[in-house]
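Reading through the structure tokens given below for one structure.
Bear in mind these aren't lab numbers, they're just calculated from the coordinates by the rules spelled out. Keep in mind it's a predicted model, so treat the numbers as computed, not measured. Here the Cβ positions follow ideal geometry from the backbone for every residue, glycine too, while neighbour counts run over all protein chains shown.
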Amino acid sequence: MKLRTKILPFFFFFLVLCGLKFPLISQERFRKSPPYPDPLPELKLPPVESAILSNGLALSVIYRDNLPVITLRLIILTGESASPEKFPGTATFTANMLNRGTLRLSLSDIEEKIESIGGRFSTSTSPDYSMFTFTFSEEGLNESLDILSKMILQPSFSEKEIANVRRSMFYELVRRASEPEYVAKRQLYHLLFRDHPYRKSTYNEDVLKNIKKNNLLSFYDKYYRPNNARLVLTGNLNLRTATRKVSRYLNTWQRKDKEFSFISSPDPNDRLKIIFVDIPHEKDVTIYMGNIISPLSNDDFFPLVVLNQVLGGTPASRLFMNLRESKGYAYYAFSEIELFKACGVFFIKAKVRPEVIHASVMETLREIEKIAQEEIPSFEIEQAKSYLIGNFPLKIETFDNLSLKVSQIQAFQLGEEHWSKYYENIMLIDSKKVHEIAQKYPILTTVVVIVGNKDILIDHLREFEEVEVYNNKGILQYSIKKEEFE
Amino acid sequence: MSKKEVLISSLILFLLLSFARGQEEKGFPFPIEQYKLKNGLQVILSEDYYLPLVSIVVAYNVGSIHEKPGKEGLAYLLENLMFQGSMNIGRMQHISFIQRIGGELNAATTENKTIFYQTVPSNQLALVLWLESDRMKSLEINTSNVERMKEALIEEIRHRKATDLYLESSIFFDQLLFPNFTHSHPVFGNEASLREITEEDVRIFYSTYYRPNNAVLSITGNIDKKKTLQLIRKYFETIPKGKEITPLPLVKFPEKKSIVNTHQDSLASLPAFFLGYRIAAPYSDDYYPLRIIDYILLHGKTSRLYKRLIKKERIAFDLSGGIEERRELAAFKIFIINSNEIMMERSKKAIFSEINKLKTTLISEKELKKSKNMFKMDYINQYSTYMERSIFLAEEYMAKNNLENFPKELERYLAVTPAEIIGLMNRYFTPKNILLNVKIK
């Protein structure tokens, strides 16, 4: 304190002397406002080289040399939509069997071999494809191709492992049936894809008991063919080396010429529907609402991406700012576009407080209506574009994400320009283009799925004109009109 | 030479000395240059031109071990306050500035560090330096901000306690495992301690620890080194240095003795237990091979404990754990959830039996190689993105006060032999362990 009292008068005296040179506020001018950015740097995408092997297997190599790691993705270009009508889940079940043992290797042997090269292996199935992802250290390429070829060419489909997979899939589906986001999305897709093969991907645990070994073998025999597959390798290797090595391990994989059925685009939903699914003990309410965007051309995709960004891409978008920041209804509110080979789905997801379900749905519909009817101001369009362009490189930064992006572009046959001209395509979008798209697609006639605890929500659901109540296995229980609520 | 010339020459010399020039360092898996500003801020730059992005990390050498009893949660509170505005940046604007340009950001507090990180398009480097320097220089600390954030964190604690099964037991176990308050209390504090924190506490904590001489600025990405250094100097060099911080005394584990305790957990739905071993200090000679032992026992579907308890005998419902560091201390933790108490006892026996096997029988070269390969992949993946690399470098620097050993560090982990494993198992995995049985209410 003593020191301070001595210094201060001197300090003010000094300031008076130098008053013209030193401003009283002791901060540099540049701190007062944000600096201007430099020009946007060029995005150089890694080269993707492709070749077709003699048995019809399409091979792509994405060159990246900054980590001694390789990511391998094998995509079987047939997914859940091709499961037999009576046995939905067959595609996923078949995919899950591949690492469960071969004629000579047990499940444990395979796991030992994978982990011995520091590897990780995973499987996923969508309506359009099954994907096997293998990440390992770059010295392990031969070993990984050896394991992969054994899994692909000699899967054993033993009864013991079929029972194990059935059990683990069953418990996984039962576990997920208590997750409101999973239940809501599954119910939304179940209704949107009502007469379409994609509906098969919304199966529940009950179907698993019907799937037998012959279903799996028949699916495997029909679709696990090199001329119905793509292999994408990402890492420090070139196409020549990759072709040589992949041919060595997979050249005995026999092609089978067969016409695979073409999947037509599904029709969009044509009227607003309110659906309720009860999950007991759930405190909050999860809302998923959306519609099919079909057919989705490449020209329409980019304006739709910008529209999505303005509406609900991030916390700075309209839905979040309105439902959470302004009205205080929601914990979150976002929108998304999910791509499939035959269509797209545009959907909104939100978690809200029970007492404001009706207000939240109405406010979301108002936001959709506004975006469909009023041209979006240019500054909002520019902000959305700035986000999308800035964020794109982040989406392809890891080997995993990069190879997933390339794999999906190839699986959906979107064309190389889908990503190589991403910046240019986004730059060209203006308010007019977004407005045209908003009017072209039926984003207003959505299916609204509300998931929550019936005991808490019953009073609030009566505010809707009509509600269809489904159980969490996708079966309609009853419909109830506003005047019928007790 | 005139007096004026002497003055200018001295000034140049002073500037040159005060801004130690970095050199590209050899032996690293990627380029690195280090600098120290005259106010003590440590700068690490790593160029990578693959993508037009840059990741900026500001890490402060402060965490929950710097908190006093009764003020737990102060470090985490301050991390959150760093987003509540500074002299030239409004509340939450830091987040909106980054998100508007497509960037991603987050922050984290541990027992001994607080890290702020973001990745943005590389043409926006200056924006992030402007944002980070403003909150390092002039954070807005006022009653309204402090009280609002305290309430938010209390709500977060309530939510954690209502949803995070076994959290209560885990906190209790840490109190048994670590020797004192400093190392054992949770980073997020508790409701009572957060209420006790005053605006003055926050000010003192901020002015003591959030200073350039107690921080590392780590930048990875598509940068022009010269220009980046100019920008760093512009935004950070005039931030005054803080007082020298007296390092906290180093703590040792007390004499080994076995501890067995029981805790009734109000949320737990299945019986469980925690088992802990106090092991060698981080980055000591024994610590490196112990990390590989962690992989032999617990990492992956073919690790010894996973194979025995989950796959072969199917006696455990869930198995997790590994080595946990708290500055100068490290412990090996195992957490098992069982379907009933019989399975719990069988699980304990199976774990002790696996530990005994490693104490008495040489591990095969094949199995050891597998564990080393898995470790190596995880080690490399720690710097697989620009953000991860920036964080990794900042943490490495803060843990060892330099990066000198980094080029040989992976080799050090991988050098362990089967014979050494037997020795280490006998030294650290003794019956003098810490066991907490979790009972359901």
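Can you list residues whose amide H is under 5 Å from B:Ala272's amide H, if they're 5+ apart or on another chain and H is modeled 1.01 Å from N?
So B:Ala272 has HN proximity to B:Asn338, B:Val438.
Looking at A:Leu53, A:Asn164, A:Val207, which one has the Cα that reaches farthest to the positive end of the dipole of segment A:48-250 (charges on Cβ: Lys, Arg +1; Asp, Glu -1)?
A:Val207
For the residue pair B:Glu156 and A:Arg366, what label-to-label distance in nm results when each label sits 7 Å from Cα along the Cα-to-beta-carbon direction?
Inter-label distance under the simple model: 3.2 nm.
At 222 nm, what value in deg cm²/dmol follows for chain B if DSSP H runs of at least 4 each add -39500 (n - 2.57) and the sum is divided by all its residues, to the nearest 500?
Rounded to the nearest 500, it is -13500 deg cm²/dmol.
Of the cross-linked pairs B:Lys348/B:Lys372; B:Lys349/B:Lys372; B:Lys333/B:Lys439; B:Lys227/B:Lys408; B:Lys26/B:Lys225; B:Lys359/B:Lys432, which ones have a Cα-Cα span greater than 20 Å in the structure shown?
Numbers: B:Lys348/B:Lys372 26 Å; B:Lys349/B:Lys372 27 Å; B:Lys333/B:Lys439 18 Å; B:Lys227/B:Lys408 31 Å; B:Lys26/B:Lys225 17 Å; B:Lys359/B:Lys432 15 Å.
Exceeds cut-off: B:Lys348/B:Lys372; B:Lys349/B:Lys372; B:Lys227/B:Lys408.
Label A:Asp455 and A:Glu483 with points 7 Å out from Cα along Cα→Cβ: what is the distance between them in nm?
Taking the simple label geometry, A:Asp455 and A:Glu483 are separated by 3.2 nm.
Based on the Kirkwood radius over alpha-carbon pairs, what value in µm²/s does the Stokes-Einstein equation return for the translational diffusion coefficient of the protein assembly as shown at 20 °C and 1.002 mPa s?
On the way: Rh = 31.0 Å.
Answer from the Stokes-Einstein relation: 69 µm²/s.
For peptide B:378-386, what's the mean number of Cβ atoms from other chains within 10 Å of each residue's Cβ? Please list the in-between numbers first.
On the way: counts 2, 1, 5, 7, 0, 2, 7, 6, 3.
Whole-number average of other-chain Cβ neighbours for B:378-386 is 4.
If you take the beta carbon distance between A:Glu465 and B:Ser266 as r and set R0 to 56 Å, what does 1/(1 + (r/R0)^6) give as a FRET efficiency, to the nearest 0.05?
On the way: r = 44 Å, r/R0 = 0.78.
Here the calculated transfer efficiency is 0.80.
Do me a favour and compute the ellipsoid semi-axes for segment B:330-399 from its Cα gyration tensor, root of five times each eigenvalue, largest one first, whole Å.
Details: eigenvalues 221, 72, 27 Å².
Over the Cα atoms of segment B:330-399, the semi-axes work out to 33, 19, 12 Å.
In what order do B:Met387, B:Met377, A:Met169 fall by count of nearby beta-carbon atoms within 10 Å, going from fewest to most?
Values: B:Met387 24, B:Met377 21, A:Met169 18.
Result, fewest neighbours first: A:Met169, B:Met377, B:Met387.
How many angstrom separate the Cα center of segment A:329-376 from the Cα center of segment B:325-372?
Cα centres, segment A:329-376 to segment B:325-372: 49 Å.
Take each of the peptides B:186-194, B:213-221, B:158-166, B:200-208, average the number of other beta-carbon atoms within 10 Å over its residues, and list them starting from the highest. Don't jump to the answer; show the numbers that get you there.
Values: B:186-194: 18.6, B:213-221: 25.3, B:158-166: 12.7, B:200-208: 16.3.
Descending packing order for the listed peptides: B:213-221, B:186-194, B:200-208, B:158-166.
Take every Cα pair under 8 Å in segment B:25-236 that's 6+ residues apart, average their separations, divide by the length, and report that relative contact order as a whole percent.
On the way: 352 pairs, mean separation 80.0, N = 212.
The normalised contact order for segment B:25-236 reaches 38 percent.
Which whole-number percent is the relative contact order of segment A:273-485 (Cα, under 8 Å, 6+ apart)?
Numbers: 349 pairs, mean separation 80.3, N = 213.
Result for segment A:273-485 is 38 percent.
With the alpha-carbon atoms as the only input, what is the per residue convex hull volume for segment A:273-485 in Å³?
Hull volume normalised by residue count: 138 Å³.
Can you compute log10 of I(q)/I(0) for segment A:257-333 with the Debye formula, treating each Cα as one identical point scatterer, at q = 0.15, 0.16 Å⁻¹?
One equal scatterer on each Cα of segment A:257-333 leads to -0.81, -0.88.
On alpha-carbon atoms, Rg over Rh for segment B:25-236 using Kirkwood Rh? Spell out each step's value before the answer.
Numbers: Rg = 18.3 Å, Rh = 18.3 Å.
Ratio of gyration radius to Kirkwood radius for segment B:25-236: 1.00.
If r is the Cβ-Cβ distance from A:Glu355 to A:Ser247 and R0 is 45 Å, what FRET efficiency results, to the nearest 0.05? Write down the numbers at each step before the final one.
Numbers: r = 63 Å, r/R0 = 1.41.
Given R0 = 45 Å and the Cβ-Cβ separation, E is 0.10.
Can you give the Kirkwood hydrodynamic radius of chain B from its Cα pairs, in Å with one decimal? Before the final figure, lay out each step's value.
On the way: mean 1/r = 0.0417 Å⁻¹.
With all distinct Cα pairs of chain B included, I get 24.0 Å.
If the only charges are +1 at each Lys and Arg Cβ and -1 at each Asp and Glu Cβ, what is the size of the charge dipole of segment A:26-94 around the Cα centre, to the nearest 20 debye? Don't skip to the end; give the middle numbers.
Working: 7 positive and 7 negative charges, 65 e Å.
For this selection, approximately 320 debye.
In µm²/s, what is D for segment B:259-440 at 25 °C and 0.890 mPa s, where D = kT/(6 pi eta Rh) by Stokes-Einstein and Rh is the Kirkwood radius from Cα pairs? If you can, show how the numbers build up before the last one.
Working: Rh = 17.5 Å.
Result for D is 140 µm²/s.
Over chain A, what is the relative contact order in whole percent, taking alpha-carbon pairs under 8 Å and six or more residues apart? Could the numbers behind the result be given before it?
Working: 812 pairs, mean separation 92.3, N = 486.
About 19 percent, as a whole number.
Using only DSSP helix segments of four residues or longer, with each worth -39500 (n - 2.57), what per-residue ellipticity at 222 nm results for chain A after dividing by its residue count and rounding to 500? Working shown, then result.
On the way: 16 runs with 188 residues, N = 486.
Taken over chain A, the calculation gives -12000 deg cm²/dmol.
What order do you get for B:Ser258, A:Ser403, A:Ser479 when you list them from fewest to most C-beta neighbours inside 10 Å? If you can, show how the numbers build up before the last one.
Numbers: B:Ser258 10, A:Ser403 26, A:Ser479 13.
Ordered from fewest to most neighbouring Cβ atoms within 10 Å, B:Ser258, A:Ser403, A:Ser479 come out as B:Ser258, A:Ser479, A:Ser403.
Picking from B:Ile115, B:Asn402, B:Thr238, whose Cα lies most toward the positive end of the charge dipole for chain B (charges on Cβ: Lys, Arg +1; Asp, Glu -1)?
Value computed over the given set: B:Asn402.
In units of 2.2 N^0.38 Å, what is the alpha-carbon radius of gyration of segment A:48-250?
On the way: Rg = 17.6 Å, N = 203, 2.2 N^0.38 = 16.6 Å.
In units of the 2.2 N^0.38 Å rule of thumb, it is 1.06.
Can you work out the FRET efficiency for the pair B:Asn356 and B:Tyr283, with r the C-beta to C-beta distance and R0 = 25 Å, to the nearest 0.05? Don't skip to the end; give the middle numbers.
Numbers: r = 28 Å, r/R0 = 1.12.
Computed FRET efficiency for B:Asn356 and B:Tyr283 comes out at 0.35.
How much length is gained on full extension from B:Arg346 to B:Arg427, taking 0.36 nm per residue of separation minus their Cα-Cα distance?
Here the answer is 26.7 nm.
In debye, nearest 20: dipole of segment A:48-250 around its Cα centre with unit charges on the Cβ of K, R (+) and D, E (-)? Spell out each step's value before the answer.
Working: 28 positive and 22 negative charges, 104 e Å.
For segment A:48-250, the charge dipole is close to 500 debye.
To make sure I understand the rule: partners must be lysines, Cα under 27 Å from the Cα of A:Lys256, and not fewer than 8 residues away in the same chain. Which ones qualify?
Within reach: A:Lys86, A:Lys150, A:Lys200, A:Lys212, A:Lys213, A:Lys222, A:Lys245, A:Lys341.
Nothing charged except the Cβ atoms of Lys and Arg (+1) and of Asp and Glu (-1): what's the magnitude of the dipole of the protein assembly as shown about its Cα centre? Round to the nearest 20 debye.
2300
Near B:Met343, within a Cβ-to-Cβ distance under 15 Å, what is the net charge of the other residues, with Lys and Arg +1 and Asp and Glu -1? Walk me through the numbers on the way to the answer.
Values: positive: B:Arg308, B:Lys311, B:Lys312, B:Arg314, B:Arg346, B:Lys348, B:Lys349, B:Lys439; negative: B:Glu313, B:Asp318, B:Glu341, B:Glu345.
Around B:Met343, the surrounding residues sum to +4.
When the chain is fully extended, how far beyond the present Cα-Cα distance does B:Gln175 get from B:Leu248, taking 0.36 nm per residue of separation?
On the way: separation 73, 0.36 × 73 = 26.28 nm, distance 1.94 nm.
So the chain would gain 24.3 nm between B:Gln175 and B:Leu248.
For chain A, state the average projected area of the convex hull of the C-alpha atoms over all orientations, rounded to one decimal in nm².
Values: hull surface 132.0 nm².
So the mean shadow area of the Cα hull is 33.0 nm².
Describe numerically, in nm with one decimal, the distance between label points set 7 Å from Cα along Cα→Cβ at B:Thr208 and at A:Arg175.
So the two model labels end up 4.4 nm from each other.
What is the Cα centroid distance between segment A:214-228 and segment A:268-312, reported in whole angstrom?
33
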